[in-house]
Amino acid sequence: MAKVQRSTEGWTTYNCLRFAAALLVVVRVATSSTTTDGKQACAPVQFLELGRTGTIRCFFGTDYFAVFWYNSTNQTEVNQVVVSKNGVKTGSGLESGEFNVHPNGSLVIPNVSLNHEKVFTVIVVHGESYNKTDYQVDVRVMVTPKLSYPVIEDCLSIGESCFSEAVGSSAFYCSIKEARPAVPLSWILKTRAGDKNITSSVNTEKVGSGSTTRITAVHPFGEERLLYEVICRANTSHPLLTRSESLLLIENSGRFRQISGKTTVKFFGINSSPELACDISEPSTTLMWKRESVGVDKYDQVAFIIGDQKFVMSPDHFKVESDFLTIQNINVSDEGMYHCLASGDDTEVVRSHNVTVFANPTPSYPQVEDCNNPEQYCVFVAAVNTGELTCSVTRIRPLVQLEWATYGDDRIIKFEKSEPEVTLTENLYDIHLRSEYTIHPPWRDYRNRITVACRAIGPNAQLFQLETKFDIIYRGGESLDARAAMVIVAISVAIGVIVIVSVLIKDGVSMAIPGFHGVLRKYLGNIAQGVEIDGRVEAQITPR
């Protein structure tokens, strides 16, 4: 039994000596980045992000026996940070918490710092053969830029693109800020013949743990065009960039003014969804819609099309198809001047639309105070020939003017000049016109009634055709009693004359007066003649 035990101890000692001898006598294999089967073991350059957990990734297969990680190219015990042997991990880096080993043999750094930007060495021992292989990995510490793409400055952004204007010698800037390593940039002009580098100046400065790169290009870019398609490109495969290019569409404002034509005035009802047309005669490679807001001396880009790509500022509100722009559920904030700019191989077009949003009033007619029933024609009875009238139009847009109009003899009624009261609520206008009036009837006025209207006037009045008519009954120049008395007197005189004439004729007097018969017939004819006014017959007496 004791012999057997000594024999076992002897084999154990033998195996340990065999492993130690293997480590000493195995010829060191040249540094490599691939395994024997051709797979990449460790990428020679790897990026880790500052302040985060990073892993130097390696693939050693499933049969590795041990890995030895060094934070230097010098493989000494001082530089050895962690060892994993047959699944058991040891080392100063493990004890301090600075390093760890993944089960697949990769080196884990829980908190990456700038001190980890160096060349690491790993030795891997494979299986029972105890062959070892060295790998070196150049670790680059990255700092994530504030924005993970080339940022074009001072432009109106729409998604991955933006818009700007070139006025004379305008400068355009693109940058990537506080990135590590620094990101090289370039400006590219898209032309019919292909991409063209734009002569630019580059400035790189260290900021904190990273660097900021800023590139500047100055317009003009050579060829005179209405629209320029320019790209700011990051010339690197920086793993922290979400994209390497940003698109800038530039309008040549001088060229825009040269080819601008007439403006079409458009009125659209609130909450409608109108279309604006660019009316280009041939397909355009680049098309842009922009808006100049009312009372604001600047342009807002709405949408543009470059080839098959569409960029829309507010896709829920604007839609662009071909050369049409649709404004969905248009509201007052959409008012302004819309310009379509189109640029193709043989086309440069500018179309302009002046858009105004209108809202019909509520109610849909001018309201005259005390005339509250729109189904009935309103008649005022004036006790005296002076008074006050009020007319209102509410919740209307755009603003209109109100006036009093007279149908008939406008000398009969006069309105005192007055300014309307206008209030603005929720972008809709309320207009109130209050005016005093005086009636001046003619001396012989048999009607005592005049038709008056409150109506909308001004440049926007044609949108609505607003008018409310009503009548005013007033006191005439003579009362009805006076006129009735005059008629009675006239009839009495006529009867008296007839009686006297009859007596004279009977007595033969008329024969003695020259021309008496003609005068008598004329006088009697005037008495018999009447004038019809509003269905009333009123006698008119013509004096001799």
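Reported count of residues in the range 189-232, each being open to solvent by less than 70 Å² (accessible area, probe 1.4 Å), touching a residue at least 60 places away in the same chain (Cβ under 8 Å) and farther than 19 Å from Val143 by Cα, is 6.
Applying the criterion of being among the acidic types (Asp, Glu) and open to solvent by 10 Å² or more (accessible area, probe 1.4 Å) to the residues of the range 119-155, the residue that is farthest from Leu50 (Cα to Cα) is Glu128. Only a single item in (1) open to solvent by 70 Å² or more (accessible area, probe 1.4 Å); (2) over 30 Å from Ser186 (Cβ atoms); (3) in contact (Cβ under 8 Å) with a residue 24 or more places away in the chain is not met by Val78, and it is number (3). Modelled with pLDDT of 90 or more and within 30 Å of Ser314 (Cα to Cα): is that true of Val143 in this structure? Judged against the criteria, Val143 is not a match.
Against the test of being surrounded by fewer than 15 Cβ atoms within 10 Å (Cβ to Cβ), hydroxyl-bearing (Ser, Thr, Tyr) and either assigned to a strand (DSSP E or B) or modelled with pLDDT of 90 or more (or both), the options Thr73, Thr31 yield a single qualifying residue, Thr73.
One line per residue, one yes/no per condition, for (1) over 15 Å from Ala456 (Cα atoms); (2) in contact with a Ser or Thr (Cβ under 6 Å, 6 or more places away or on another chain); (3) open to solvent by 30 Å² or more (accessible area, probe 1.4 Å):
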{"position": "Arg395", "(1), (2), (3)": "no, yes, yes"}
{"position": "Tyr407", "(1), (2), (3)": "yes, yes, yes"}
{"position": "Arg411", "(1), (2), (3)": "yes, no, yes"}
{"position": "Phe415", "(1), (2), (3)": "yes, yes, yes"}
{"position": "Glu421", "(1), (2), (3)": "no, no, yes"}
{"position": "Ile439", "(1), (2), (3)": "yes, no, no"}
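Take Glu388 and tell me if it is open to solvent by 90 Å² or more (accessible area, probe 1.4 Å) and not in a strand (DSSP E or B). Considered against the rule, which asks whether it is open to solvent by 90 Å² or more (accessible area, probe 1.4 Å) and not in a strand (DSSP E or B), Glu388 comes out as no.
Consider the range 298-323 and keep the residues that are part of a loop (DSSP other than H, G, I, E, B) and within 15 Å of the chain's Cα centre (by Cα). The one that is nearest to Glu251 (Cα to Cα) is Lys298.
Could you tell me whether Val167 is farther than 23 Å from Asn235 by Cβ and open to solvent by 20 Å² or more (accessible area, probe 1.4 Å)?
Answer is yes for this residue.
Take the residues of the range 96-132 that are of a type in the set (Asp, Glu) and at pLDDT 95 or above: which is nearest to Ser72 (Cα to Cα)?
Per the criteria, the residue is Glu117.
The strands (runs of 3 or more DSSP E) located wholly in the range 98-214 that include 1 or more residues which are among the polar types (S, T, N, Q) occupy 119-126, 131-142, 156-158, 161-166, 171-179, 185-191, 194-197, 200-207. For Ser84, the conditions (1) within 59 Å of the chain's Cα centre (by Cα); (2) not in a loop (DSSP other than H, G, I, E, B) all hold with the exception of (1).
Rundown of residues vs (1) in a loop (DSSP other than H, G, I, E, B); (2) in contact (Cβ under 8 Å) with a residue 24 or more places away in the chain; (3) open to solvent by 40 Å² or more (accessible area, probe 1.4 Å), yes/no style:
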residue: Leu325; (1), (2), (3): no, yes, no
residue: His339; (1), (2), (3): no, yes, no
residue: Ala342; (1), (2), (3): no, yes, no
residue: Asp346; (1), (2), (3): yes, yes, yes
residue: Val350; (1), (2), (3): no, yes, no
residue: Asn373; (1), (2), (3): yes, no, yes
residue: Phe380; (1), (2), (3): no, yes, yes
residue: Ser392; (1), (2), (3): no, yes, no
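The values are calculated or read from the model by the stated rules, or taken from the named source; none is laboratory data. Bear in mind the structure is a predicted one, so any value in this text is a computation, not a measurement. Don't worry about glycine lacking a Cβ; one is built from the backbone with ideal geometry, like all the others, and counts go over all protein chains shown. SASA here: full protein model, heavy atoms, side chains in, ligands and nucleic acids out. Shrake-Rupley method; radii C 1.70, N 1.55, O 1.52, S 1.80 Å.
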